[in-house]
1. Being at pLDDT 55 or above, under 27 Å from L143 (Cβ atoms) and surrounded by fewer than 16 Cβ atoms within 10 Å (Cβ to Cβ) narrows it down to one of L42, L83, so name that one.
2. Based on what the data block shows, is T14 at pLDDT below 80, in contact with a helix residue (DSSP H, G or I) (Cβ under 7 Å, 6 or more places away or on another chain) and surrounded by fewer than 15 Cβ atoms within 10 Å (Cβ to Cβ)?
3. Can you pull out every residue in region 99-127 that is surrounded by fewer than 18 Cβ atoms within 10 Å (Cβ to Cβ), touching a Lys or Arg at 6+ places or on another chain (Cβ under 6 Å) and of a type outside the set (A, V, I, L, M, F, W, C)?
4. Please go through region 64-77 and give me each residue that is under 27 Å from the mean Cα position of the chain (by Cα) and either part of a loop (DSSP other than H, G, I, E, B) or over 17 Å from M233 (Cα atoms) (or both), ordered by number.
5. Could you look through region 195-217, keep only residues that are among the aromatic types (F, W, Y) and modelled with pLDDT under 95, and pick out the one that is farthest from the chain's Cα centre (by Cα)?
6. Which residue is modelled with the lowest pLDDT, if the candidates are limited to region 175-194 and must be under 25 Å from T234 (Cα atoms) and in contact with a Gly (Cβ under 8 Å, 6 or more places away or on another chain)?
7. Might you let me know whether region 218-227 holds any residue that is buried (at least 21 other Cβ atoms within 10 Å of the Cβ), modelled with pLDDT of 55 or more and among the acidic types (D, E)?
8. V55 is checked against (1) of a type in the set (A, V, I, L, M); (2) at pLDDT below 95; (3) closer than 23 Å to R241 by Cα and fails just one. What number does that condition carry?
Amino acid sequence: MRFSRFLSAALLLTCFPACRSTNRLFKAGLVEPSPFFESPWLAQDGGEQLPFQKVWTTPDRQVLAEGMRKRKLYIAPVTLAYLRPVKKALAGRELAWGVRRQEGDVARRLREEFAAAFRRSPRPLYRLAEKPGADTLTLQLALIELQPTSPKGNAAMTVLKFVVTPFAALGRFFTKGNIAIEGKVTVSKGGRAYFQFADNEQDKLTFINMRDFQPYGHAVNTMREWAVQFEAMTRTPRGWRVPDSSVLMLRPD
(Lines give C-alpha, C1' and ligand atoms only; values in the text may rest on other atoms or scores of the structure.)
Protein backbone atom coordinates (compact mmCIF):
# COMPACT_ATOMS: atom_id res chain seq x y z
CA MET A 1 0.00 0.00 0.00
CA ARG A 2 2.80 2.41 0.91
CA PHE A 3 4.55 1.75 -2.42
CA SER A 4 1.36 2.56 -4.33
CA ARG A 5 1.15 5.87 -2.48
CA PHE A 6 4.68 6.74 -3.49
CA LEU A 7 3.95 5.72 -7.07
CA SER A 8 0.80 7.84 -7.21
CA ALA A 9 2.68 10.86 -5.92
CA ALA A 10 5.48 10.30 -8.41
CA LEU A 11 3.06 10.09 -11.32
CA LEU A 12 1.31 13.24 -10.13
CA LEU A 13 4.56 15.16 -9.97
CA THR A 14 5.90 14.00 -13.33
CA CYS A 15 2.87 15.38 -15.14
CA PHE A 16 3.59 18.96 -14.04
CA PRO A 17 6.23 19.88 -16.65
CA ALA A 18 4.02 18.59 -19.44
CA CYS A 19 1.43 21.27 -18.80
CA ARG A 20 2.42 24.93 -19.01
CA SER A 21 -0.76 26.08 -17.32
CA THR A 22 -0.06 23.80 -14.34
CA ASN A 23 3.50 25.11 -14.23
CA ARG A 24 2.16 28.66 -14.01
CA LEU A 25 -0.36 27.59 -11.35
CA PHE A 26 2.40 26.47 -8.99
CA LYS A 27 4.70 29.42 -9.70
CA ALA A 28 5.17 32.07 -7.04
CA GLY A 29 3.01 35.14 -7.46
CA LEU A 30 4.49 38.45 -8.54
CA VAL A 31 5.47 40.67 -5.64
CA GLU A 32 4.56 44.33 -5.38
CA PRO A 33 7.01 46.37 -7.47
CA SER A 34 9.60 48.44 -5.64
CA PRO A 35 10.60 52.03 -6.42
CA PHE A 36 13.57 50.55 -8.30
CA PHE A 37 11.22 49.53 -11.14
CA GLU A 38 10.39 52.57 -13.24
CA SER A 39 6.78 53.05 -14.44
CA PRO A 40 5.55 49.59 -13.33
CA TRP A 41 2.05 50.37 -14.61
CA LEU A 42 3.45 50.22 -18.15
CA ALA A 43 5.02 46.78 -17.69
CA GLN A 44 3.52 43.78 -19.47
CA ASP A 45 3.15 40.14 -18.51
CA GLY A 46 5.93 37.94 -19.81
CA GLY A 47 3.29 35.35 -20.68
CA GLU A 48 4.44 32.19 -22.43
CA GLN A 49 7.06 33.99 -24.51
CA LEU A 50 9.43 35.21 -21.81
CA PRO A 51 10.64 33.63 -18.56
CA PHE A 52 10.00 36.73 -16.40
CA GLN A 53 6.68 37.72 -14.90
CA LYS A 54 6.88 41.40 -15.86
CA VAL A 55 8.80 43.07 -18.69
CA TRP A 56 9.05 46.62 -20.00
CA THR A 57 10.79 48.08 -23.03
CA THR A 58 11.28 51.79 -23.47
CA PRO A 59 8.84 53.53 -25.84
CA ASP A 60 11.47 56.21 -26.45
CA ARG A 61 12.73 55.58 -29.99
CA GLN A 62 15.99 57.41 -29.41
CA VAL A 63 16.84 55.36 -26.30
CA LEU A 64 15.70 52.18 -28.06
CA ALA A 65 17.90 52.84 -31.09
CA GLU A 66 20.86 53.74 -28.92
CA GLY A 67 20.44 50.63 -26.79
CA MET A 68 20.17 48.34 -29.80
CA ARG A 69 23.52 49.56 -31.10
CA LYS A 70 25.43 48.54 -27.96
CA ARG A 71 27.29 45.25 -27.84
CA LYS A 72 29.00 45.56 -24.45
CA LEU A 73 27.34 44.96 -21.09
CA TYR A 74 28.47 46.06 -17.66
CA ILE A 75 26.85 44.16 -14.76
CA ALA A 76 26.68 46.45 -11.74
CA PRO A 77 26.85 45.25 -8.11
CA VAL A 78 23.41 44.09 -6.96
CA THR A 79 21.61 46.61 -4.79
CA LEU A 80 20.02 45.65 -1.46
CA ALA A 81 18.40 49.05 -0.98
CA TYR A 82 14.93 47.67 -1.75
CA LEU A 83 15.17 44.35 0.13
CA ARG A 84 12.05 43.73 2.22
CA PRO A 85 11.87 42.13 5.68
CA VAL A 86 11.17 38.42 6.05
CA LYS A 87 7.44 37.90 6.44
CA LYS A 88 6.91 34.11 6.59
CA ALA A 89 6.56 32.82 10.14
CA LEU A 90 8.78 29.74 9.75
CA ALA A 91 11.43 31.71 7.89
CA GLY A 92 11.43 34.22 10.73
CA ARG A 93 11.83 31.39 13.24
CA GLU A 94 14.78 30.01 11.29
CA LEU A 95 16.48 33.41 11.54
CA ALA A 96 15.69 33.57 15.25
CA TRP A 97 17.21 30.09 15.68
CA GLY A 98 20.50 31.20 14.20
CA VAL A 99 20.13 30.97 10.41
CA ARG A 100 21.93 34.00 8.99
CA ARG A 101 20.16 36.07 6.38
CA GLN A 102 22.91 35.98 3.80
CA GLU A 103 21.75 38.90 1.66
CA GLY A 104 25.29 40.11 0.96
CA ASP A 105 26.48 36.68 -0.16
CA VAL A 106 23.34 36.15 -2.23
CA ALA A 107 23.74 39.55 -3.92
CA ARG A 108 27.34 38.77 -4.88
CA ARG A 109 26.35 35.31 -6.12
CA LEU A 110 23.53 36.79 -8.21
CA ARG A 111 25.94 39.12 -10.00
CA GLU A 112 28.43 36.28 -10.54
CA GLU A 113 25.78 34.00 -12.04
CA PHE A 114 24.68 36.63 -14.57
CA ALA A 115 28.26 37.25 -15.60
CA ALA A 116 28.96 33.50 -15.85
CA ALA A 117 25.94 33.00 -18.12
CA PHE A 118 27.45 35.37 -20.70
CA ARG A 119 30.91 33.85 -20.36
CA ARG A 120 29.57 30.33 -20.91
CA SER A 121 27.23 31.24 -23.76
CA PRO A 122 28.26 29.79 -27.14
CA ARG A 123 27.21 32.97 -28.98
CA PRO A 124 26.54 35.87 -26.59
CA LEU A 125 25.10 39.06 -28.02
CA TYR A 126 27.07 41.14 -25.50
CA ARG A 127 30.68 41.10 -24.37
CA LEU A 128 31.13 41.83 -20.68
CA ALA A 129 32.73 45.14 -19.76
CA GLU A 130 34.66 45.81 -16.56
CA LYS A 131 33.15 49.28 -16.16
CA PRO A 132 30.36 51.34 -17.69
CA GLY A 133 31.20 53.59 -20.61
CA ALA A 134 29.86 55.38 -23.65
CA ASP A 135 29.79 52.12 -25.62
CA THR A 136 28.08 49.94 -22.99
CA LEU A 137 24.73 49.03 -21.54
CA THR A 138 24.51 48.56 -17.77
CA LEU A 139 22.54 45.75 -16.12
CA GLN A 140 21.33 46.80 -12.68
CA LEU A 141 19.82 44.14 -10.42
CA ALA A 142 17.88 44.68 -7.20
CA LEU A 143 17.18 41.96 -4.65
CA ILE A 144 13.59 42.60 -3.52
CA GLU A 145 12.70 39.57 -1.38
CA LEU A 146 14.82 36.84 0.18
CA GLN A 147 13.08 34.42 2.50
CA PRO A 148 15.10 31.36 3.51
CA THR A 149 13.91 27.80 3.16
CA SER A 150 13.10 26.20 6.52
CA PRO A 151 15.52 23.24 6.90
CA LYS A 152 13.95 22.14 10.19
CA GLY A 153 10.44 22.31 8.76
CA ASN A 154 11.46 20.35 5.67
CA ALA A 155 13.19 17.73 7.81
CA ALA A 156 9.89 17.18 9.62
CA MET A 157 8.00 17.05 6.30
CA THR A 158 10.45 14.45 4.95
CA VAL A 159 9.88 12.18 7.93
CA LEU A 160 6.12 12.50 7.48
CA LYS A 161 6.38 11.69 3.78
CA PHE A 162 8.10 8.39 4.53
CA VAL A 163 6.22 7.44 7.69
CA VAL A 164 2.71 8.73 6.97
CA THR A 165 2.00 9.66 3.34
CA PRO A 166 3.78 11.38 0.43
CA PHE A 167 1.01 13.98 0.42
CA ALA A 168 2.42 15.36 3.66
CA ALA A 169 4.67 17.23 1.24
CA LEU A 170 1.81 19.70 0.83
CA GLY A 171 2.91 21.07 4.19
CA ARG A 172 5.93 22.52 2.41
CA PHE A 173 3.76 25.52 1.56
CA PHE A 174 4.79 26.80 4.99
CA THR A 175 8.46 25.79 4.75
CA LYS A 176 9.26 27.20 1.30
CA GLY A 177 11.55 30.13 0.77
CA ASN A 178 11.42 32.58 -2.10
CA ILE A 179 13.61 35.07 -3.91
CA ALA A 180 12.40 38.04 -5.96
CA ILE A 181 14.44 40.37 -8.15
CA GLU A 182 13.99 43.33 -10.44
CA GLY A 183 16.36 44.10 -13.29
CA LYS A 184 16.98 47.19 -15.33
CA VAL A 185 19.13 47.57 -18.46
CA THR A 186 20.17 51.18 -18.96
CA VAL A 187 22.19 53.05 -21.53
CA SER A 188 25.32 53.59 -19.46
CA LYS A 189 25.87 57.15 -20.65
CA GLY A 190 22.89 59.04 -19.27
CA GLY A 191 21.39 56.14 -17.30
CA ARG A 192 18.12 56.03 -19.26
CA ALA A 193 16.20 52.76 -18.89
CA TYR A 194 16.18 50.56 -22.01
CA PHE A 195 14.58 47.36 -20.66
CA GLN A 196 13.22 46.16 -17.30
CA PHE A 197 12.05 42.86 -15.86
CA ALA A 198 10.80 41.44 -12.57
CA ASP A 199 10.35 37.91 -11.29
CA ASN A 200 9.66 35.97 -8.12
CA GLU A 201 10.45 32.29 -7.57
CA GLN A 202 9.77 29.98 -4.66
CA ASP A 203 11.34 26.61 -3.80
CA LYS A 204 10.66 23.97 -6.41
CA LEU A 205 8.44 20.97 -5.81
CA THR A 206 10.61 18.04 -4.77
CA PHE A 207 10.17 14.62 -3.22
CA ILE A 208 13.54 14.62 -1.52
CA ASN A 209 16.30 17.07 -2.37
CA MET A 210 19.37 18.32 -0.53
CA ARG A 211 18.42 21.93 -1.30
CA ASP A 212 15.38 21.48 0.96
CA PHE A 213 17.78 21.39 3.91
CA GLN A 214 19.81 24.46 2.95
CA PRO A 215 18.41 27.93 3.75
CA TYR A 216 19.39 29.31 0.33
CA GLY A 217 19.95 26.16 -1.74
CA HIS A 218 16.88 26.73 -3.91
CA ALA A 219 17.69 30.45 -4.22
CA VAL A 220 21.11 29.65 -5.70
CA ASN A 221 19.50 27.34 -8.27
CA THR A 222 16.96 30.04 -9.15
CA MET A 223 19.68 32.66 -9.64
CA ARG A 224 21.50 30.40 -12.07
CA GLU A 225 18.29 29.80 -14.03
CA TRP A 226 17.51 33.54 -14.16
CA ALA A 227 20.99 34.29 -15.48
CA VAL A 228 20.78 31.66 -18.23
CA GLN A 229 17.29 32.82 -19.20
CA PHE A 230 18.30 36.47 -19.35
CA GLU A 231 21.34 35.76 -21.52
CA ALA A 232 19.24 33.59 -23.86
CA MET A 233 16.60 36.32 -24.07
CA THR A 234 19.15 38.92 -25.20
CA ARG A 235 20.00 36.88 -28.32
CA THR A 236 16.58 35.39 -29.09
CA PRO A 237 14.69 37.00 -32.01
CA ARG A 238 11.60 38.95 -31.03
CA GLY A 239 8.50 36.77 -30.96
CA TRP A 240 10.41 33.57 -30.24
CA ARG A 241 9.84 31.80 -26.93
CA VAL A 242 12.43 31.64 -24.16
CA PRO A 243 11.19 28.83 -21.89
CA ASP A 244 10.57 29.41 -18.22
CA SER A 245 11.97 27.11 -15.55
CA SER A 246 9.94 24.18 -14.24
CA VAL A 247 8.30 24.17 -10.82
CA LEU A 248 9.56 20.61 -10.35
CA MET A 249 13.03 19.39 -9.42
CA LEU A 250 13.57 15.65 -9.77
CA ARG A 251 17.33 15.63 -9.08
CA PRO A 252 18.17 14.79 -5.46
CA ASP A 253 21.15 17.19 -5.31
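The values are calculated or read from the model by the stated rules, or taken from the named source; none is laboratory data. Keep in mind that this is a model prediction, so the values were computed, not measured. For neighbour counting, all protein chains shown are included, and Cβ atoms are generated from backbone atoms with ideal geometry for every residue, glycine included.
1. L42
2. In short, no.
3. R127
4. Scanning region 64-77 gives K70, R71, A76, P77.
5. The first filter runs over region 195-217 and keeps only residues among the aromatic types (F, W, Y), leaving 195, 197, 207, 213, 216.
Keeping just the survivors that are modelled with pLDDT under 95 gives 207, 213, 216.
On the way: F207: 21, F213: 19, Y216: 12 Å.
By that ranking, first place goes to F207.
6. K189
7. no
8. (2)
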